[in-house]
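The values are calculated or read from the model by the stated rules, or taken from the named source; none is laboratory data. Just so it is clear, the structure is predicted and the values come from calculations on it, not from any experiment. Using ideal geometry, Cβ is built from the backbone for each residue, glycine included, and neighbour counts are taken over all protein chains shown. Calculation scope for accessible area: heavy atoms of the full protein, side chains included, ligands and nucleic acids excluded. Shrake-Rupley method; radii C 1.70, N 1.55, O 1.52, S 1.80 Å.
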Amino acid sequence: MKGILLLFRFMTRLPIGVDPKFDSDELGKSMKFFPVIGMIIGLILFGAFWLLYTVVYSPMVMAVLLVTIEVILTGGLHLDGLADTFDGIFSYRSKQKMLDIMKDSRLGTNGGLVLILYFMLKVVLLVEISEFAGLNMGILLLIVPVIARLNSVVNCASAPYARSTGMGKTFVDHTNAGGVAVATVLTAAFVGGAAYLFGLPYIILIVIPIIMLLGFFYAKLMTRKIGGITGDTLGAVVELSEIIAMFVIYILAAV
């Protein structure tokens, strides 16, 4: 329980009511429960959708509001990782120079571009799926954050840590195939339960192995590029997985 509370404090801006003493080992061991963080975020977004539903009539405005709420919930932590990762990887420098660029707190051109594209794609996919696929934004944002966070667990178990030290190293050191199995079961149970409750086709579960496979290849790509994964690449994989999961659901709804 302490590890999960630490994970909430580290990965969200949610007030958990207690201030557990920091323990890097406990934090690292809790990585297999990262999908639980996605469940809480998903439930909050689901609730926000229904609270706003009676007063917000524009799908575009609703999408922007929900995306904004999600950013507030995470404090933009994973978005920072996404921008830093693209700044580094697309600098086409040496491995060490890429790592140095990723550590730089300044936002570069590639980081700015990916953030613009990210928000454009996310808002458009939310609107398109809700309007033309019959899946409302609340249900979509209930399940996607869970699937996305599973991919961070996959990454931690699939690649070494690229630096000698760093906060992300504790997650890599304490995550293995067993942790991935726990995270996968939690994710599949939650998504399957949502599908049952809301009458969704169970084919939606196929999104999980697709995202995991892509996450595995992403980890191997990062290993080839910079020698492993970092806290930034772990944040990036969460945000990229959300977009890809939405896109896969969009395709499934069209066939």
**Message:** So the check is Cβ under 8 Å with 6+ separation or different chains; which pairs have a first residue in the range 231-243 that's closer than 18 Å to Leu7 by Cβ and a second one that's aromatic (Phe, Trp, Tyr) and open to solvent by less than 10 Å² (accessible area, probe 1.4 Å)?
**Reply:** Leu234/Phe171
**Prompt:** From the residues in the range 196-250 that are outside any helix (DSSP H, G or I) and touching a helix residue (DSSP H, G or I) at 6+ places or on another chain (Cβ under 8 Å), which one is surrounded by the fewest Cβ atoms within 10 Å (Cβ to Cβ)?
**Reply:** Pro201
**Asked** Considering the range 172-222 alone, what residues qualify as being touching a Pro at 6+ places or on another chain (Cβ under 7 Å) and closer than 17 Å to Ile89 by Cα?
**Response** none
**Prompt:** For the range 81-110, what are the residues that are farther than 18 Å from Arg163 by Cα and surrounded by fewer than 23 Cβ atoms within 10 Å (Cβ to Cβ)?
**Reply:** Phe90, Ser91, Tyr92, Arg106, Leu107, Gly108, Thr109, Asn110
**Prompt:** Can you tell me which residues in the range 148-182 are open to solvent by less than 20 Å² (accessible area, probe 1.4 Å), among the aliphatic types (A, V, I, L, M) and more than 17 Å from the chain's Cα centre (by Cα)?
**Reply:** Ala159
**Message:** Give all pairs with beta carbons closer than 7 Å in which a residue from the range 69-97 that is in contact (Cβ under 8 Å) with a residue 60 or more places away in the chain meets a residue that is of a type in the set (Lys, Arg) and part of a loop (DSSP other than H, G, I, E, B); count only pairs at least 6 apart in sequence or on separate chains.
**Reply:** Leu73/Arg13; Thr74/Arg13; Gly75/Arg13
**Request:** Those residues that are open to solvent by less than 20 Å² (accessible area, probe 1.4 Å) and in a helix (DSSP H, G or I), I need them from the range 124-137; list them, please.
**Result:** Leu125, Leu126, Val127, Ile129, Met137
**Fill in**
Note on the range 18-36: residues open to solvent by less than 40 Å² (accessible area, probe 1.4 Å) and either within 11 Å of Leu141 (Cβ to Cβ) or out of contact with any Lys or Arg (no Cβ under 6 Å at 6 or more places or on another chain) (or both) are Leu27, Gly28, Ser30, Met31, Val36
